[in-house]
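Structure record follows, encoded as structure tokens.
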Amino acid sequence: MSEPRKLEVLRAIVEDYVHSREPVGSKALVERHHLGVSSATIRNDMAVLEEEGLIAAPHTSAGRIPTDKGYRLFVDRISQVKPLSAAERRAIHSLLEGPDDVDDILERTVRLLSQLTNQVAVVQYPHSNRALVRHVEFVLLAPQQVLVVLIADTGSVSQKVIDAGSDVGDDALMRLRSRFLGSIAGTQLALLPQVLPSVIALCPPELRGLAQTLANGLQALSDNSREERILMAGTANLARSNVDFPLSIGPVLEALEEQVVMLRLLSDMGDDPRGVTVSIGRENPYDGLAEASVVATGYGSGAKVGILGPTRMDYPTTMAAVRAVARYLSRILGG
């Protein structure tokens, strides 16, 4: 069998199985695809594909289904990621355009991606080691209570209520806000521990105690914002795919619950020349995802966005959706 025909028969089997969820037989391939050869020839071709470990017979079925190795060859031979339809592009554009609050944008992103792909969508928060301080705000809530707000250039907004320990005046708070903002605006969040002591030293002696308390609040917010986090949507899609996880859907759900597992998985996925990386079945380092595939790509300053679903998925469409959403996300967040 020639290499082009092998790939054509494999592509037909993958497409039919993804569409129907039923094992694929030679007769069905001849009827549905214009392969230009007889059913007997296709049977021989399928025997070769089976010998090479690209397809397998589930139980005693007459049909065949792709293996992880078969899906891998299929994905590797997708020469270019197909573009999304105009309607899909409009949906992404209208859903993601709007306010620049990063939490809101990422929540809309995972909802949209899960709807486009019918899979579980996952997005990693932007890496904030390189994020800069855009703005600082101190708001007096009560005589001894101050709301400390830290806004990064990524659009991330974090806030914390602190106890000042004694009564605070509006005038003192405004003076300290001006001092902090003038000193740390444009500073990397990661460098705040080195910068804040010098800001406190420049404050009038009578305000240094309050300045230290506010600096501690800003430091805590900076530390929290640099913790790696992910957002997810569409877990219910897995329940609808229960038949695609013959062993058990439990380990997949456990992996999703363990943010550390998903963060490590996304971080370890390399870069593909086509811009989208695919990890199939047992290629995943976590045993619980042996029946799942992950499709992901980077956005902004290196954070990842992607989907997780069964190995039986529409890879070309999923890869296109992930790539398109990542590009919009990079543009909106200025990455």
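The values are calculated or read from the model by the stated rules, or taken from the named source; none is laboratory data. A quick note: this is a predicted structure, and the numbers were derived from the prediction, not measured. Positions of Cβ are backbone-derived with ideal geometry, glycine not excepted, and every protein chain shown enters the neighbour counts. The accessibility values were calculated without ligands, DNA or RNA, using every heavy atom of the protein model including side chains. Shrake-Rupley method; radii C 1.70, N 1.55, O 1.52, S 1.80 Å.
List of remarks:
- Segment ASP287-ASP223, extension gain: residue separation times 0.36 nm, minus the distance between their alpha carbons: 19.8 nm
- Most to least accessible of LEU113, LEU210 (protein chains only, probe 1.4 Å): LEU210, LEU113
- Taking every Cα-Cα distance in the chain and sorting them into 20 Å bins from zero, the calculated P(r) comes out as 27, 42, 21, 8, 1 percent.
- Rolling a 1.4 Å probe over the heavy atoms of the protein chains gives region 249-335 an accessible area of 38 Å² per residue.
- Among LYS304, LYS69, the sequence by solvent-accessible area, most first, with a 1.4 Å probe is LYS69, LYS304.
- The calculated FRET efficiency for the pair THR235 and ARG331, based on their C-beta separation and a Förster distance of 41 Å, comes to about 0.90.
- Helices that extend 20 Å or more along their long axis by alpha-carbon positions and average at least -1.0 on the Kyte-Doolittle scale are, among the DSSP H runs of the chain, 3-20, 102-117, 170-184, 208-225, 315-332.
- Spacing of the two label points (7 Å from each Cα toward its C-beta) at ALA185 and SER85, in nm: 4.8
- Carbon and sulfur %, accessible surface of the chain computed with the full protein complex present, 1.4 Å: 50
- By definition, a body whose alpha carbon gyration tensor gives a ≥ b ≥ c is prolate when a/c is 1.5 or more and a/b is larger than b/c, and region 234-335 fits this prolate description.
- Amide N of region 211-240 lying under 14 Å from the label point, which is placed 7 angstrom from the Cα of ASN118 along Cα→Cβ: 236-240
- Per residue, region 6-57 exposes 51 Å² of solvent-accessible protein surface, assessed with a 1.4 angstrom probe and all protein chains in place.
- Where a label projected 7 Å from the Cα of VAL37 along Cα→Cβ would reach, residues of region 49-77 with amide N under 16 Å: 49-55
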